[in-house]
Amino acid sequence: MTEHMRAEALFASDLQPSDRPTGAQVVRAIHTSLVVRGGAAGCAAIMAAEYGEHPETAALRMRWALALASTTPDTHALAA
């Protein structure tokens with residue numbers, strides 16, 4: 001899974017920047033988001049909808065998600 005896909009899953013998750021998540025929480029949020037939202041395509045669809053409805057806040061959230069995803073290992077690779 002690419003860094004960008006992990007960021008989209010994190011974007012679509014319930015985790016908030018104000019939670020100051022740990023690495024383990026980020027990994028768990030990405031995994032849960034992928035399961036609950038129907039995979040990477042479902043997460044991307046949620047992200048796209050948010051950009052359509054709230055572009056300013058979506059951009060801020062995506063920057064946050066990208067920053068965390070860049071420090072998060074590919075959990076699918078770890079599970080293999």
#### Entry: Charge dipole (debye, nearest 20) of the chain; +1 at Cβ of Lys and Arg, -1 at Cβ of Asp and Glu
180 debye
#### Entry: Net charge of neighbours whose Cβ lies under 15 Å from the Cβ of Ala69, counting Lys and Arg as +1 and Asp and Glu as -1
+1
### Task
Name the residue farthest towards the positive end of the dipole of the chain from the options Met62, Val35, Ala24, assuming +1 on Cβ of Lys and Arg, -1 on Cβ of Asp and Glu, about the Cα centre.
Ala24
### Query
From the phi of every residue in the range 26-40, what ³J(HN,Hα) in whole Hz does the Karplus formula 6.51 cos²θ - 1.76 cosθ + 1.60 yield, where θ is phi - 60° and glycine or proline is x?
5, 4, 4, 5, 4, 4, 4, 4, 4, 5, 6, 9, x, x, 4
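Can you tell me the accessible area per residue over the chain, all protein chains present, probe 1.4 angstrom, in square angstrom?
Per residue, the chain has an accessible area of 57 Å².
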### Task
Calculate how steeply helix 55-69 sits against the longest principal axis of the alpha-carbon atoms of the chain, using the helix alpha-carbon long axis, and give the answer as 0 to 90 degrees to the nearest 10.
10 degrees
### Query
Of (1) 37, 26, 18; (2) 42, 27, 22; (3) 31, 25, 22, which one was derived for Cα extents along the principal axes in Å from the structure shown?
(1)
### Task
Please list Glu8, Glu3, Glu53 in order of solvent-accessible area, largest first, computed with a 1.4 Å probe with all protein chains present.
Glu53, Glu3, Glu8
### Message
Rounded to the nearest percent, how much of the accessible area of the chain (1.4 Å probe, protein heavy atoms only) is carbon and sulfur?
### Response
61 percent
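The values are calculated or read from the model by the stated rules, or taken from the named source; none is laboratory data. These numbers come from a predicted model, not from an experiment. Using ideal geometry, Cβ is built from the backbone for each residue, glycine included, and neighbour counts are taken over all protein chains shown. Ligands, DNA and RNA are stripped out before the accessible areas are found, and what is left, the full protein with its side chains, is counted by its heavy atoms. Shrake-Rupley method; radii C 1.70, N 1.55, O 1.52, S 1.80 Å.
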